[in-house]
Amino acid sequence: MLEPSIQLLNKARQGHYAVPAFNFHNLEIMQAIIKTAEKQQSPVILQITPTYLEKIGDVAATAMARAAAKEAKVPVALHLDHSNSLSWIKWALAHGFTSVMIDASTLPLNENIAYARQTVEWAHAHGAAVEAELGHIGGIEDGQETGTNPNMGLADPVEAVKLVTESGIDAFAPAVGTAHGLYKLPPNINFSLIDTLSSLVNVPLVLHGGSGIPDDMIRKAIEKGIAKVNIGTELKVTWAKAMTEALITEQEPWKTALKVHEEVGQVVAHKISLCGSNGKA
Ligand code: 13P
Ligand code: ZN
Ligand code: NA
C-alpha cells in the first residue's frame with residue numbers, strides 16, 4: 001500500500017530502526033525493491049531524482065511506481081530525491097509523491113531555509129512531507145561528480161536547529177561524513193555529530209550516500225538516531241553486473257529481468273536487515 005513517508009519515518013524513529021530508501025532507475029530495479037520488501041515484511045521508500053524522471057520519462061516512471069506501491073503488500077512511500085528545483089517539487093506534489101527533498105544545501109543558510117519553507121508550505125498542503133539537507137554531501141550522483149571531499153562541510157548543529165525550526169521540515173539530512181557513490185576508503189562518519197543532532201533536532205534524521213558504507217557503521221549510525229538510509233549506487237552496480245552476465249546467453253527481456261530481481265533483491269534484503277526494518281511492515 002502507498003503510505004505517507006512521514007508515517008514510516010516516525011514509526012522507525014520511535015522503534016529505533018531505519019526505513020531503507022532505495023533509488024530506482026528502471027522497472028526491474030523497482031520490482032526487485034518491492035518484491036524483496038514484501039518477502040522481508042519491511043516498509044520501504046522508493047525514491048527517484050529529477051534527473052532520472054527527466055531521462056526515463058517522468059509521467060510513466062511515476063505512474064509505474066505509484067501503481068506498484070498501491071499493489072504492494074507492505075507500506076511503500078514515494079519520494080522525490082535531491083531536487084534543487086522548486087518546479088520539480090511542484091511537479092512531484094501534483095503527481096502524488098508522498099514526500100520531497102529540497103536540496104538547497106549549496107546555498108547560504110538563509111536561502112536554504114527560504115527554499116525549505118516554501119517547499120513545506122506546498123508539500124503540507126498536499127499532505128506530503130519534506131526533507132532538506134545541510135552541509136556538503138559529496139561524491140558521485142546520477143553519474144556526475146558533486147564534490148570530492150566528504151569531510152568538508154559537515155552540518156553545523158546550531159545551523160541545523162535553525163534550519164529545522166524555521167522551515168518546519170519533516171526530515172533532516174545532515175552531512176555527517178558520507179558521500180554518494182562507492183568509497184575508495186571507508187567513510188569517516190562523525191558519530192558524535194549524529195548523536196548531537198538527534199538530541200537537538202526533533203525530526204527523523206536521514207543518512208545519504210548509503211552505498212559502500214561498512215555494515216557496522218550503518219548499524220552504529222542507526223543506533224545514534226538515523227531513521228532513513230538512502231541507497232542508490234549499489235543497486236545500479238548490481239543491475240549492471242546482472243545484465244552483463246545475463247546477456248551473454250540470454251536475449252529475452254523477461255529472463256534478464258528475473259536475473260535483476262534476484263541479484264538486486266539480494267542487496268536490498270541485506271540493506272533491509274542492516275536497517276532492522278524487516279518484520280516492521
Ligand atoms: P549512494 O548512491 O551512495 O547509495 O547514495 C544514495 C543517496 O544518498 C540518494 O539520495
Ligand atoms: Zn543523497
Ligand atoms: Na555512498
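We did not get these values from a lab; they are worked out from the coordinates using the rules stated. Quick caveat, the model's predicted, so the values are computed rather than measured. For neighbour counting, all protein chains shown are included, and Cβ atoms are generated from backbone atoms with ideal geometry for every residue, glycine included.
Here is a yes/no grid of residues against (1) free of Cβ contacts under 8 Å to residues at least 24 places away in the same chain; (2) in contact with a Phe, Trp or Tyr (Cβ under 7 Å, 6 or more places away or on another chain); (3) surrounded by 21 or more Cβ atoms within 10 Å (Cβ to Cβ):
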position: 15; (1), (2), (3): no, no, no
position: 18; (1), (2), (3): no, no, yes
position: 69; (1), (2), (3): no, no, yes
position: 73; (1), (2), (3): no, no, no
position: 79; (1), (2), (3): no, yes, yes
position: 101; (1), (2), (3): no, no, yes
position: 114; (1), (2), (3): yes, no, no
Exercise for the section: Determine whether the stretch 227-244 contains at least one residue that is among the β-branched types (Val, Ile, Thr) and closer than 15 Å to residue 134 by Cβ. Expected result: no
Problem - Flag if residue 192 is within 13 Å of ligand 1 (Cβ to nearest atom) and either among the hydroxyl-bearing types (Ser, Thr, Tyr) or part of a helix (DSSP H, G or I) (or both) - result: no
Handout entry: Search result, residues across the stretch 29-81 that are farther than 24 Å from residue 259 by Cβ and not in a helix (DSSP H, G or I)
Key = 41, 43, 45, 49, 75, 77, 78, 79, 80, 81
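Here's the yes/no breakdown for (1) away from ligand 3 (no atom under 16 Å from the Cβ); (2) surrounded by fewer than 23 Cβ atoms within 10 Å (Cβ to Cβ):
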| residue | (1), (2) |
| --- | --- |
| 195 | yes, yes |
| 206 | no, no |
| 210 | no, no |
| 215 | no, yes |
| 225 | yes, yes |
| 231 | no, no |
Fill in the blank from the handout: Those residues of the stretch 82-97 that are more than 26 Å from residue 146 (Cα to Cα) and assigned to a loop (DSSP other than H, G, I, E, B) come to a total of 2
Fill in the blank from the handout: Of the residues in the stretch 156-191 that are out of contact with any Ser or Thr (no Cβ under 7 Å at 6 or more places or on another chain) and at positive phi, the one that is surrounded by the most Cβ atoms within 10 Å (Cβ to Cβ) is 177
Problem - Some residue of the stretch 162-184 being more than 16 Å from ligand 3 (Cβ to nearest atom) and under 12 Å from residue 226 (Cβ atoms) - result: yes
